[in-house]
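Comments concern the structure below.
Bear in mind these aren't lab numbers, they're just calculated from the coordinates by the rules spelled out. Quick caveat, the model's predicted, so the values are computed rather than measured. Neighbour counts are summed over all protein chains in view; Cβ atoms, including those assigned to glycine, are modelled from backbone coordinates with ideal geometry.
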Amino acid sequence: MTKYNVAIVRYREKRNSVGEAIDLSGSLDALKPGNRVFIKPNIVLWTEKTVFPKWGVITTSRVIEDIVVLLQERGISDIMIGEGIVSPDPKNSSVAAHACRALGYEKLNSRYGVKLVNIFERPFRKVDIGDGFEVRCNEDILNADFVVNVPVLKTHVQTIVSLGMKNLKGVLDIPSRKKCHTTDSTKPLPYVIAKLPGILPPSATIIDGIFTLERGPGPDGKARRSDIIIVSPDVLSADMVGARVLGYDAAQVPGLVYAAGFRNRPLDRSDIAVKGETIESAASFHEYDFPYNANGTLHRKMELMGVKGLSYRKYDDTMCTYCSIINGVILQAIMSAWKGEPWNEIEILSGKKMQPTPGINKTILLGQCMVNLHRDNPDIHETLPIRGCPPKFDEAMTVLHRAGIAVEAEFFNNTEMSLSYFMGKYRGKPEFDESFYRIE
Ligand code: SF4
């Protein structure tokens with residue numbers, strides 16, 4: 001039986017730790033001098049005016065620099081770093097440039113000639129990922145000889161883990177990303193994620209676990225300092241080991257089940273050879289989900305606060321990133337607006353398939369998908385739509401006010417500020433070192 005190598009190494013030393021994991025796993029052995037290499041970090045989102053917690057959310061610049069130097073030592077000079085960053089304002093193209101400066105990528109350009117690519121400023125090509133499901137993928141990654149995929153070791157509220165395969169969603173254009181969150185039960189989000197590696201050139205996966213994250217993928221999760229690097233020439237093997245390190249068997253993760261099925265691989269990791277540290281020595285359980293009440297109609301924190309007269313259903317995997325951002329802001333704003341007086345039987349629906357509960361007084365429809373789906377739904381007494389794709393923050397505030405929830409304008413006028421709110425968790429904890437996100 002073919003054995004797929006995966007190396008687990010403690011991150012102790014600049015360059016040497018990533019180099020050791022690459023050597024143990026043989027992940028760059030297929031590279032030849034002169035190859036074009038595309039590095040895909042996981043930047044998730046960025047803000048220009050405020051500081052937000054990057055630990056466990058964004059790939060460290062330290063690991064990216066290590067990879068660039070190690071590639072150069074192997075005679076690779078044609079290196080590109082490409083990402084399609086989400087920001088609260090998707091039309092703001094200065095956000096990606098700001099991220100490149102702040103993360104030190106411009107220094108990689110001046111020192112090593114690394115090209116920096118904002119994929120939204122580059123062409124996309126239509127690709128069939130299988131079974132007629134088409135996406136538009138960045139051309140630079142499709143034209144590369146080799147991809148170095150550098151996700152973060154994190155759990156994810158919709159997909160349980162977000163590792164190598166999930167990181168590849170970031171090279172699709174925005175309509176394709178939205179399409180990944182499909183209502184088609186034969187091709188749900190985990191199915192699409194499992195298909196993505198098949199459209200790309202050969203790759204190595206280097207999972208950055210210097211900082212790991214519970215309840216990812218964003219800054220509202222909880223980071224840990226874990227100092228782990230997981231490397232493999234095979235993305236599925238890297239993800240299976242990464243998932244186990246986070247506390248999940250492949251059989252519990254639908255994306256891994258699909259991917260193993262497509263490749264006729266076992267789910268028990270019996271065809272994987274782990275080098276370096278053992279999985280057991282690296283493993284530490286990370287929660288993936290925010291707890292809700294028993295019937296999924298209220299965030300547990302709201303239930304504990306005693307919130308009454310509101311049903312705010314738990315997101316499902318048809319909700320895509322832009323609705324997730326505003327959903328997080330609305331949750332925070334509503335919690336802060338609760339003053340102990342029951343609201344007037346309000347329901348908030350999100351994603352692409354939620355159905356209203358009959359008998360509710362006011363139904364808030366978050367996002368254009370919900371607005372379109374329930375335009376003439378007889379089960380809705382009074383519709384309060386938050387239109388747009390992505391939905392508009394100012395309209396969300398107005399709608400919540402109309403429903404009788406007195407949310408503060410600050411949450412909606414300055415969405416970047418709401419991300420900086422999460423910095424509080426890390427104050428006074430020196431292990432959360434911002435310098436990992438700079439290049440000196
Ligand atoms: S409205 Fe929301 S769920 Fe629908 S496509 Fe747009 S971002 Fe996705």
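Would you mind checking the radius of gyration and Dmax of the stretch 201-347 based on alpha-carbon positions, in Å?
19.2, 58
Which of these, SER27, SER270, SER237, has the largest mean-square fluctuation under a Gaussian network model of the chain (Cα springs below 10 Å)?
SER270
Measure out, as a whole number of angstrom, how far apart the alpha-carbon centroids of the stretch 230-277 and the stretch 179-214 sit.
13
Report the relative contact order of the chain, percent, no decimals, based on alpha-carbon pairs under 8 angstrom and at least 6 residues apart.
18 percent.
At a temperature of 20 °C and a viscosity of 1.002 mPa s, determine how fast the stretch 1-119 diffuses translationally according to Stokes-Einstein, using the Kirkwood radius over alpha-carbon pairs as Rh; express D in µm²/s, rounded to the nearest whole number.
137
Give a residue-ordered list of calculated ³J(HN,Hα) values for the stretch 67-73 (Karplus: 6.51 cos²θ - 1.76 cosθ + 1.60, θ = phi - 60°; whole Hz; x for Gly, Pro).
Along the stretch 67-73, the couplings run 5, 4, 5, 5, 5, 4, 5 Hz.
For ASP208, what residues show an amide H to amide H distance below 5 Å, using hydrogens built from the backbone and excluding near sequence neighbours?
Amide H neighbours of ASP208: VAL152, LEU153.
DSSP loop trypsin sites (Lys or Arg not before Pro) in the stretch 7-112 with at most 12 other Cβ atoms within 10 Å of their Cβ, which ones?
Sites meeting the loop and neighbour criteria: ARG12, LYS49, LYS91.
Could you calculate the contour length gain from TYR426 to SER77, that is, 0.36 nm times the residue separation minus the distance between their Cα atoms, to one decimal place in nm? Please report the intermediate quantities before stating the final value.
Values: separation 349, 0.36 × 349 = 125.64 nm, distance 3.78 nm.
Length gained between TYR426 and SER77: 121.9 nm.
Cut-off 10 angstrom, C-alpha nodes, Gaussian network model of the chain. Which of ASP249, ASP140, ASP268 fluctuates the most?
ASP268
In terms of the Cα gyration tensor, with a ≥ b ≥ c the square roots of its eigenvalues, is the stretch 4-288 rounded because a/c is under 1.5, prolate because a/b exceeds b/c, or oblate? Write down the numbers at each step before the final one.
Values: a/c = 1.22, a/b = 1.05, b/c = 1.16.
Taking the square roots of the gyration eigenvalues as a ≥ b ≥ c, the stretch 4-288 is rounded.
Going by the alpha-carbon gyration tensor, a ≥ b ≥ c the square roots of its eigenvalues, is the stretch 98-172 rounded (a/c under 1.5) or, if a/c is not under 1.5, prolate (a/b greater than b/c) versus oblate?
oblate
Quick one: what are the phi-derived ³J(HN,Hα) couplings along the stretch 424-440, Karplus 6.51/-1.76/1.60 with θ = phi - 60°, whole Hz, x for glycine and proline?
x, 4, 10, 5, x, 10, x, 5, 8, 9, 5, 5, 5, 9, 10, 10, 7
Tell me, what ³J(HN,Hα) does each residue in the stretch 405-419 have, in order and in whole Hz, if you take phi through Karplus 6.51 cos²θ - 1.76 cosθ + 1.60 with θ = phi - 60° and put x for Gly and Pro?
Listing the rounded values in order: 9, 7, 5, 7, 4, 3, 5, 9, 7, 9, 5, 4, 4, 5, 6 Hz.
Quick check: pseudo-label points 7 Å beyond the Cα along Cα→Cβ at PHE262 and SER281, how many nm apart are they?
Taking the two extended label points, one gets 3.4 nm.
So who's got an amide H within less than 5 Å of the one on ALA273, skipping anything under 5 residues away but keeping other chains? H placed 1.01 Å off N, in plane.
Placed amide hydrogens put TYR4, ASN5, VAL6 under 5 Å from ALA273.
Just to confirm the number: angle between the C-alpha axis of helix 393-403 and the first principal axis of the chain, 0 to 90 degrees, nearest 10?
With both axes taken from Cα atoms, the answer is about 30 degrees.
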